[in-house]
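Peer 1: Structure below; questions to follow.
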Amino acid sequence: MTQVMDRSRTSNSFAPTLTLLAICVLISYVDRGILSVAAPRIQDELALSASEVGLLLGAFFPAYTVMQFVSSWLVDRFNVNWFIAAGYLLWSISTAATGIFRGFALLLLMRLLLGIGESAAFPACSKILAHHLPENRRGFANGLLMAGIRLGPAIGTFGAGPLIALYGWRPVFIGIGILSLLWLPAWFKWMPARESAATDVKIGPGNAAILAQRSFWGAAIGHFSVNYVFYFMLTWLPFYLVRERGLSMTEMVRSAGIYYLTDATSSALTGWASDYWMRRGGSATLVRKSAMAVGYLIAIVAISGLALAGPRTYFAWLLVAGVGVGMIGVGVFAFAQTLAGRQAAGKWTGLQNGFGNFAGIIGPALTGFVVQRTGNFLAPFAITVAVLAIGGLGWVFVIRTVDEVNWASDTGAIAASGDA
């Protein structure tokens with residue numbers, strides 16, 4: 001009884017921090033996602049081709065992906081609270097500056113700076129959750145973060161879409177970037193205590209030890225697939241609905257926004273259900289893998305249906321796809337936190353997220369290229385389904401059991417404990 005009460009008090013005291021972390025990732029996805037809402041307007045203003053739009057949509061990802069490997073190192077060497085705050089400040093300023101600067105090259109530069117700033121978010125979040133919550137409470141916490149990720153595009157679509165239609169895209173970027181800064185004072189008030197957040201990096205495994213784990217590569221493959229489908233929907237769904245399905249800007253805002261809300265709701269409910277099942281005796285392996293298997297199956301079937309659907313049925317398939325995509329997002333960092341353990345969660349997450357975000361570099365640009373060559377989205381949907389199938393195999397079969405790696409008995413970890 002005492003243990004249950006202690007866990008309840010820990011969860012309650014952590015609630016403000018968790019809420020702020022969810023808001024943080026929500027804002028990060030508003031900031032990175034509103035460009036897709038504005039893409040038709042930007043394309044018209046700058047006279048861009050479909051492939052150039054794809055490059056602009058994907059410009060964020062090279063910096064973000066490369067910096068994940070740097071952040072995985074930095075998060076263990078600096079106080080995690082200040083690390084995430086510094087990244088947040090940089091990406092908020094970059095968002096505001098996007099609306100100020102003119103010219104295609106400067107827009108690309110702002111997207112690169114946005115990627116550098118946002119690279120701090122997930123290694124820091126994962127490290128904080130691993131230190132403050134037990135395994136059977138992390139499902140909902142990660143589900144809430146994933147819901148924040150999904151709500152970011154929804155809020156960006158519902159909120160920024162009409163504003164862009166009324167006032168243009170530049171004032172919207174400036175306003176969102178400035179308003180985002182209000183998060184920082186709240187974070188400094190409710191961030192975790194320094195002594196709880198800090199970690200002595202010397203006790204943790206090095207990069208080489210993490211990369212030597214089979215489970216890491218299963219998670220990295222799976223993470224790539226989750227990111228591929230998510231970024232496909234984040235960057236190209238508004239454009240697809242306008243150009244291929246013939247929706248007006250207002251209709252696109254409604255349809256895309258409902259999809260993102262469905263995705264977010266699915267993430268939160270899946271995380272809650274996972275914790276409920278685990279607290280009643282389900283093992284981490286059974287719970288996490290079952291959620292992934294069901295989610296992948298739903299997503300694959302629904303996206304295939306969406307690609308082939310007619311004008312009367314495509315929206316239903318889109319919503320079902322949102323359910324599946326939301327389900328598979330929950331386990332991405334929950335797997336990492338369990339497999340890595342407290343001493344390596346931040347570093348593992350940074351490395352995994354780095355490999356996973358190659359999807360952000362490849363996917364948007366590849367989609368633009370294929371659409372330009374074929375004139376429709378059928379082939380990009382087929383590629384997305386294939387990537388999902390491979391990723392599902394990574395989570396379910398490459399990872400054997402969802403248990404913490406025994407770093408102490410891993411000679412590679414001991415030898416590499418000082419690696420950068």
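Peer 1: What's the angle, to the nearest 10 degrees (0 to 90), between helix 314-340's Cα axis and the longest principal axis of the chain?
Peer 2: Around 30 degrees separate the two axes.
Peer 1: Under 8 Å for C-alpha pairs, at least 6 residues apart: give me the relative contact order for the chain, rounded to a whole percent.
Peer 2: 29
Peer 1: Taking the Cα centre of the chain as origin and charging only Cβ (+1 Lys, Arg; -1 Asp, Glu), how large is the dipole, in debye to the nearest 20?
Peer 2: 380
Peer 1: Let me ask something else. Apply the Karplus parameterisation 6.51 cos²θ - 1.76 cosθ + 1.60, with θ equal to phi minus 60°, to every residue of the stretch 353-365 and state each ³J(HN,Hα) to the nearest whole Hz, in sequence, with x for glycine and proline.
Peer 2: 5, x, 5, x, 8, 4, 4, x, 6, 7, x, x, 5
Peer 1: Which cross-chain or sequence-distant (5 or more) residues have an amide H under 5 Å from the amide H of G206, H modelled 1.01 Å from N in plane?
Peer 2: Here A416, S417, D419 satisfy the definition.
Peer 1: Turning to a different aspect of this structure: Which one, L106, M146, V53, projects farthest toward the positive side of the charge dipole computed for the chain from Cβ point charges (K/R +1, D/E -1)?
Peer 2: Sorting the options by dipole projection puts first M146.
Peer 1: Run the numbers on the stretch 158-304 and let me know its relative contact order in percent, using alpha-carbon pairs under 8 Å that are six or more apart.
Peer 2: 23
Peer 1: Here's a follow-up. Tell me, how many Å apart are the Cα centres for the stretch 262-334 and for the stretch 32-73?
Peer 2: Taking the Cα centre of each part, the stretch 262-334 and the stretch 32-73 sit 26 Å apart.
Peer 1: State the extension gain, in nm to one decimal, for the chain segment bounded by R312 and L179, taking 0.36 nm per residue of separation less the distance between their alpha-carbons.
Peer 2: 44.0 nm
Peer 1: Oh, and also: Would you work out which of L318, F78, G168 lies farthest towards the positive end of the dipole of the chain, given +1 charges on the beta-carbon of Lys and Arg and -1 on that of Asp and Glu, about the Cα centre?
Peer 2: L318
Peer 1: Using 0.36 nm times the number of residues separating N376 and R102, minus their current alpha carbon distance, what extension gain do you get?
Peer 2: Extra length from N376 to R102 when fully extended: 95.6 nm.
Peer 1: Label points 7 Å out from Cα along the Cβ direction at V396 and R254: separation in nm?
Peer 2: In this crude label model, V396 to R254 measures out at 3.7 nm.
Peer 1: Output the 0 to 90 degree angle, nearest 10, between the alpha-carbon long axis of helix 169-180 and the longest principal axis computed from the alpha carbons of the chain.
Peer 2: Tilt of helix 169-180: around 20 degrees.
Peer 1: What order do you get for W73, W348 when you list them from fewest to most C-beta neighbours inside 10 Å?
Peer 2: Taking fewest neighbouring Cβ atoms as first place, the list is W73, W348.
Peer 1: Can you compute the FRET efficiency between D403 and L46 using 1/(1 + (r/R0)^6), with r the Cβ-Cβ distance and R0 = 60 Å? Round to the nearest 0.05.
Peer 2: The computed FRET efficiency comes out at 0.75.
Peer 1: Just check the stretch 31-87 against the gyration tensor rule for me: Cα atoms, a ≥ b ≥ c as the square roots of the eigenvalues, rounded for a/c under 1.5, and otherwise prolate or oblate depending on whether a/b exceeds b/c.
Peer 2: Prolate, since a/c reaches 1.5 and a/b exceeds b/c.
Peer 1: Determine the calculated [θ] at 222 nm for the chain from helices alone, applying -39500 (n - 2.57) to every DSSP H run no shorter than 4 residues and normalising by the residue count; nearest 500 deg cm²/dmol.
Peer 2: The helix contribution divided over the chain gives -26500 deg cm²/dmol.
Peer 1: Please name whichever of A359, G295, I116 sits farthest to the positive end of the charge dipole of the chain, dipole taken about the Cα centre and charges placed at Cβ: Lys and Arg +1, Asp and Glu -1.
Peer 2: Ranked along the dipole, the leading option is G295.
Peer 1: Once both axes come from the Cα atoms, what is the angle between helix 60-74 and the longest principal axis of the chain, in degrees from 0 to 90, rounded to 10?
Peer 2: 10
Peer 1: Using θ = phi - 60° and the Karplus form 6.51 cos²θ - 1.76 cosθ + 1.60, what ³J(HN,Hα) does each residue of the stretch 380-386 get, whole Hz, x for Gly and Pro?
Peer 2: So the Karplus estimates, Gly and Pro as x, are x, 5, 5, 4, 4, 4, 5 Hz.
Peer 1: Each residue of the stretch 211-227 in turn: what ³J(HN,Hα) in whole Hz from Karplus with 6.51, -1.76, 1.60 and θ = phi - 60°, glycine and Pro shown as x?
Peer 2: These are the phi-based 3J(HN,Hα) values: 5, 7, 7, 4, 5, 4, 6, x, 5, 5, 5, x, 4, 4, 5, 4, 5 Hz.
FYI, it's all coordinate maths here, none of it is from the lab. Every value quoted in this text rests on a predicted model; they were computed, and no experiment measured them. Note that we place each Cβ from the backbone using ideal geometry, even for glycine, and neighbour counts take in every protein chain shown.
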